[in-house]
Amino acid sequence: MTALAGVFTGGIVQTVLLGAALLGAISGMLGAFALLRRQSLIGDALAHAALPGICLGFLIAGGRELGSILAGAFFTGTLAALVMMLIIRSTRLKTDAALGIVLSVFFAVGVVLLTHLQGQGGAASVGLNSFLFGQAAAILRSDLWIMGGVGLVTLALVAGLWKEFKLVSFDPDFARASGLPVTALEGLLTIMVALAIVIGLQLVGVVLMVALLIAPAAAARQWTASLGAMVALSALIGAASGAGGALISAFGRGLATGPVVVLLATGAVVVSLLLAPGRGLVWQAWAARRARARIGDGRVLLTLHALARAHDDPRYKTEHGMLHAALGVTPSAQHLARLEQRGLIRAVSHPPETTPHWELTSAGYREAALLAGRSETDAEEQGA
């Protein structure tokens, strides 16, 4: 217990915990808009485009000065976003092609600059590698104020321009026809994403930042169809992933915080894809199974009804083998048991025969008549 309390009261752990939670919340909130705009890879492109800015900030400052490095990362990230928008609007290339071009070119420039700086020697330049995969222990208390400020500005912009962002995300053509400055709004959203990426470079790094941006949004999308609920849930999942990753890395020796945070966010996506009601794979499999069962039950019921009408006897006792001949397959015990449990059929004896027989109840005959009527109507409509 003493060791546990020591972990929670440690200044570094508290700083990393708050920083990871703030970054996760900001990334989740903005990632929801990127996901809905079908620009999931924009975070990857902007994160990789930040690498040359990190190196330029190091060169300008003459050392590993965090303010200059983050300013350089924001500059090249914003430049990359503007280049992407220019390529998309002035050429025939699609968004994915523009993202691929910007990502590869900017990252290649960053790798060249990073190699050049490390070739010159110096302990400070070696530390630039930490921006590739993140180094949570480097987060300072002063960085939390920056993250908090960015979070407040982001929240204020999202709240103030909620209707505009919502319309641009779902129907940009209608937004443009309504007179909204779609290009400016999309540019503002992209710059906000770039800013979130910049403040997350220390924790998660260039390579993994896109996962923290998109994974919470992808998980939240499975649980709700409302934009407001999706943004809030995405921010919550991001914050929980960040805080959980910080705690796990604090208790586990040699576990880097950034990758653990990303793994938790990815785990939330997997759980959501499997278990979310209405959209989860488990729910869909269960719904498909129920649908197949209803179809099978309906076929058995319609067959019993057709045989009863053919013999002009609503209580006609149908032998099990006759059902098999009419259906082409042997009706399963599950179908018969469900229909009997619902009170639509009942098992009867038919002396001197000893094989199983079934007949429709009054409720079953009415239900079958309704099904037969709908089937005939559907057939007439398809024929017409």
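Taken over the range 183-268, the percentage of Cα pairs per 5 Å bin, counting from 0 up to the bin with the maximum distance, is 3, 16, 21, 23, 19, 11, 5, 2, 1, 0.
Principal axis analysis of the Cα atoms in the range 79-151 yields extents of 45, 37, 16 Å, listed in decreasing size. The equivalent ellipsoid that matches the C-alpha gyration tensor of the chain spans semi-axes of 62, 26, 18 angstrom, in descending order.
Separation of the range 249-302 from the range 304-327 is 42 Å, based on Cα centroids. For L360, the residues whose modelled amide H falls within less than 5 Å of its own, excluding neighbours fewer than 5 places apart on the same chain, are Y316. Select from the chain the helices, each a whole stretch of DSSP H, whose alpha-carbon atoms run 24 Å or more along the helix axis and whose Kyte-Doolittle mean is at least 1.0; answer none if there are none. Within the chain the helices that satisfy the rule are 11-36, 42-61, 66-90, 95-119, 141-160, 182-200, 227-251, 257-275. Diffusion coefficient of the range 283-383 by Stokes-Einstein, Kirkwood radius over Cα pairs, 4 °C, 1.567 mPa s: 91 µm²/s. Among the trypsin sites (Lys or Arg not before Pro) in the range 28-116, those located in a DSSP loop and surrounded by at most 11 other Cβ atoms within 10 Å of their own Cβ are R38, R92, K94. Legend: P(r) of the range 108-232 from all alpha carbon pair distances, 5 Å bins from 0, whole percents, reading 2, 9, 14, 17, 18, 14, 10, 8, 5, 3, 1, 0.
Every number in this text was worked out from the coordinates using simple rules, so none of it is lab data. Not measured: the values here are computed from a predicted model. FYI the Cβ positions are ideal-geometry reconstructions off the backbone, even for glycines, and counts take in every protein chain you see.
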